[in-house]
Amino acid sequence: MSILNINWKPEFGAIFTWFAMDKNGKIAVMINNCYGYLPKCLLSIENVESLLDHLNEYMWEESSIYSNYPKNKKGNFKLDLYSYWRHKNIPDKKTVLADLTNDFIQSGHYSDVNLAINKGFFEYQAIEGSIEGEDYPIGYEGVTKMGDYFRYLMPTVYASIEDFPEELRHGIAVSDTVDFTTDRLLDNDKINEYFLRMYKK
């Protein structure tokens, strides 16, 4: 049973991954970590959960329907901000980078950094935790709250809408103001201001 609709609200236990395009056509994977909002323009799509499933299967190269995957970008990645809550036992950014690199070596295209290295996606993660203030993005000096999306991984070679099958492109939320190369934090309360429409050919 689908739980996503125009009246949906974030809640503990339900994690959704959605896709966004910035004003320059660059693509990001957005992971809501239970507390991040999804744009209303996305939620208004009929059977949106099924659409997101297809997009995620395509991203991980597990689709039985859309199996014409783009060639690997063979770029690199940069670690920007990262979760205190998830990495509180890791001493520094250098160690987080090493762990991510090792995961790529061991897990290949199933690793997070593969999304940046070979798919060309930015990755934004929503601030999580069990209570307000338990989590925050390390490296960001401003005020944050649960559900705000922070820039986690950055690619060096960028994906575009052309990397998606035409049948799935309408599932990508588009912003006319956000720039993934400069915007490190997206206010959760302004998701519907950032992303007003879905991609149309």
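What does the highest-first list of 123-129, 69-75, 42-48, 152-158 look like by mean Cβ count within 10 Å? If you can, show how the numbers build up before the last one.
Values: 123-129: 23.0, 69-75: 13.1, 42-48: 15.6, 152-158: 20.3.
Ranked from most to least packed, the peptides come out as 123-129, 152-158, 42-48, 69-75.
What fraction of the DSSP beta bridges in the chain is antiparallel, stated in percent and rounded to the nearest 5?
75 percent
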Residues of the chain: accessible area per residue with a 1.4 Å probe, Å²: 51 Å²
Accessible area (Å², 1.4 Å probe, nearest 10) - ARG184: 80 Å²
Compute, for LEU196, the solvent-accessible surface of its heavy atoms (probe 1.4 Å) with the complete set of protein chains present, and express it in square angstrom to the nearest 10. 120 Å²
Which value, in Å² and to the nearest 10, is the accessible area of THR144 when all protein chains are kept and the probe is 1.4 Å? 40 Å²
Relative contact order [Cα under 8 Å, 6+ residues apart], the chain, whole percent: 30 percent
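Does the stretch 82-201 come out rounded, prolate or oblate by the C-alpha gyration tensor, with a ≥ b ≥ c the root eigenvalues, rounded set by a/c under 1.5 and, if not, prolate when a/b is larger than b/c and oblate if not?
Values: a/c = 2.25, a/b = 1.19, b/c = 1.89.
Verdict is oblate for the stretch 82-201.
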Applied in sequence order to the stretch 111-125, the curve 6.51 cos²θ - 1.76 cosθ + 1.60 (Karplus, θ = phi - 60°) yields integer Hz couplings, x standing for Gly and Pro, of 8, 4, 5, 4, 4, 8, 5, 10, 8, x, 8, 6, 10, 10, 10
In the neighborhood of SER83, defined by Cβ-to-Cβ distances under 11 Å, what is the net charge if each Lys or Arg adds +1 and each Asp or Glu adds -1? -1
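Using only helices, what value at 222 nm comes out for the chain when you add -39,500 (n - 2.57) per DSSP H run of length 4 or more and divide by the total residues, to the nearest 500 deg cm²/dmol? Please report the intermediate quantities before stating the final value.
Numbers: 6 runs with 45 residues, N = 201.
Calculated from helices alone, the mean residue ellipticity at 222 nm is -6000 deg cm²/dmol.
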Considering the values (i) 68, 35, 32; (ii) 62, 35, 34; (iii) 44, 38, 33, which represents Cα extents along the principal axes in Å as calculated for the structure under consideration? (iii)
Per the 1.4 Å probe, what fraction of the accessible area of the chain, in percent, lies on carbon and sulfur atoms? 49 percent
Pop out the ³J(HN,Hα) list for the stretch 20-28 in order, Karplus 6.51 cos²θ - 1.76 cosθ + 1.60 with θ = phi - 60°, rounded to Hz; leave Gly and Pro as x. 9, 10, 8, 5, 9, x, 7, 10, 10
Qualifying lysines (Cα of each under 22 Å from Cα of LYS23; at least 8 residues distant if same chain): LYS40, LYS73, LYS78, LYS119, LYS190, LYS200, LYS201
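The values are calculated or read from the model by the stated rules, or taken from the named source; none is laboratory data. Because the structure is a prediction, the values reported are computed rather than measured. Positions of Cβ are generated from backbone atoms using ideal geometry, with glycine treated the same way; all protein chains shown enter the neighbour counts. What goes into the accessible areas is simple: the full protein's heavy atoms, side chains included, and nothing from ligands, DNA or RNA. Shrake-Rupley method; radii C 1.70, N 1.55, O 1.52, S 1.80 Å.
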